């Protein structure tokens, strides 16, 4: 709450709306905007300007990694995000508490270096995602360059993809915001992910499919990352032929089974609901783009729902009986069913006695641990979805290079 108060005042200083009015009606001053009604009588055009306590709500949604938007365009709306500084503050607020929890982890476990090691693993994955998204969006669409639509580009060096971007802040800021909001369970957006290039849109999608362990939500990303830590320690124990240990507690078969149950639930929900949607008329009728992009739209919807993110590929009409029900069901499973194995692991470890470290104990404070943790996250998380990603954004990228759009 103190952070929300500070952020709300900072946003108000940048021009974010904060009042208790509903709507204001303004008459347009340009005489060329005169319109005519059905009886050919001239009427002066007016504009409805929304008002309300936006700054306080935006502070809560960003710091709480909740997502959504006070206005329909979300953080692309000038009343929510009017200046480069407000854009920076909103982006920073998404990561502020989740990133701080890695320091809390070190304090609570008595090993600050372990907290920094987890922070390092998250940061590396984050920066890789930002780089890929920016690289893909700054290169743009070669099909447009060939047709001379972007006169500043050529077939060899096409211009950046500004479709669906927040034009005030540019491609770099839009790519950064998209990466941050899907690394955390936020869902606030400053650009339309559906308009990204195939590889640019792949980054937000994969961020969520990793289990939102790259900082994640307020608390949720931390326990997802700790499940990956347990698997990493278990794999390291197998390699050295010793019983794996984590923070002085032995990792046994029950802990690993619960960790795998946690990991299996997530793709199971997403892939089953996606396959039903793509093999039925009630699912296909809502897709705006057929082909691999349409597959990505459906896959993104269920990934976002199960990961409790809230962002979307806007090309999918999710306001139908099937998608309202199925995405709501995926949110239910993603929020509550995945908590059960995590709580089971916590309860089982709490009962165990602390074992002093030995020569066979794998240290969880070194760079080797960071690399192993990243490898486990990529192998367990990304490769689970690799077949469906190959049919979606990956094949769409190669088709775009060959001159075909969807």
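We did not get these values from a lab; they are worked out from the coordinates using the rules stated. Keep in mind the model is a prediction, meaning the values are calculated, not measured. Neighbour counts run over all protein chains shown; Cβ positions are idealised from the backbone, glycine included.
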Inset, instruction - Calculate how steeply helix 2-13 sits against the longest principal axis of the alpha-carbon atoms of the chain, using the helix alpha-carbon long axis, and give the answer as 0 to 90 degrees to the nearest 10. - result: 30 degrees
Inset, instruction - Report the FRET efficiency, 1/(1 + (r/R0)^6), for residue 21 and residue 46, where r is their Cβ-Cβ distance and R0 is 25 Å, rounded to 0.05. - result: 0.95
Legend entry - Rounded FRET efficiency, nearest 0.05, which uses the C-beta distance separating residue 367 from residue 167 and R0 of 51 Å: 0.80
Inset, instruction - Set the Förster distance to 41 Å, then compute FRET efficiency between residue 9 and residue 386 from the Cβ-Cβ distance, nearest 0.05. - result: 0.35
Inset, instruction - Pull out a ≥ b ≥ c, the square roots of the eigenvalues of the alpha-carbon gyration tensor of the stretch 177-319, then state rounded if a/c is under 1.5, prolate if not and a/b is larger than b/c, and oblate in the remaining case. - result: prolate
Inset, instruction - Any chance you could give the angle, 0 to 90 degrees and rounded to 10, that helix 84-109 forms with the longest Cα principal axis of the chain? - result: 10 degrees
Inset, instruction - Compute the Cα gyration tensor for the stretch 307-384, then decide on rounded, prolate or oblate, letting a ≥ b ≥ c be the square roots of its eigenvalues: rounded whenever a/c is under 1.5, prolate when a/b is larger than b/c in the other cases, and oblate in all that remain. - result: oblate
Inset, instruction - Starting with the highest mean, order 226-234, 186-194 by the number of other Cβ atoms within 10 Å, averaged over the residues of each peptide. - result: 186-194, 226-234
Inset, instruction - For the stretch 84-406, just say rounded, prolate or oblate: build the C-alpha gyration tensor, square-root its eigenvalues into a ≥ b ≥ c, call rounded for a/c under 1.5, and beyond that prolate if a/b exceeds b/c, oblate if not. - result: prolate
Inset, instruction - Calculate the length of the line joining the C-alpha centroid of the stretch 274-296 to that of the stretch 343-406, in whole Å. - result: 28 Å
Legend entry - Residue-averaged 222 nm ellipticity for the chain, from DSSP H runs of 4+ at -39500 (n - 2.57), nearest 500: -17500 deg cm²/dmol
Inset, instruction - For helix 321-332, report the angle its Cα long axis makes with the longest principal axis of the Cα atoms of the chain; keep it between 0 and 90° and round to the nearest 10°. - result: 40 degrees
Inset, instruction - In whole angstrom, note down how far apart the Cα centers of the stretch 215-273 and the stretch 322-340 are. - result: 21 Å
Legend entry - Highest-fluctuation residue, 178, 73, 45 considered, GNM on the chain with Cα pairs under 10 Å: 45
Inset, instruction - Could you check the simple spin-label distance between residue 239 and residue 285, using points 7 Å along Cα→Cβ, in nm with one decimal? - result: 5.3 nm
Legend entry - Among 319, 141, 289, residue whose mean-square fluctuation peaks in a GNM of the chain (springs only between Cα atoms under 10 Å): 319
Inset, instruction - Pick out which of 81, 324, 207 has the largest mean-square fluctuation in a Gaussian network model of the chain, springs linking Cα atoms closer than 10 Å. - result: 324
Legend entry - Exposure proxy ranking, count of Cβ atoms within 10 Å, fewest first, for 300, 103, 223: 103, 223, 300
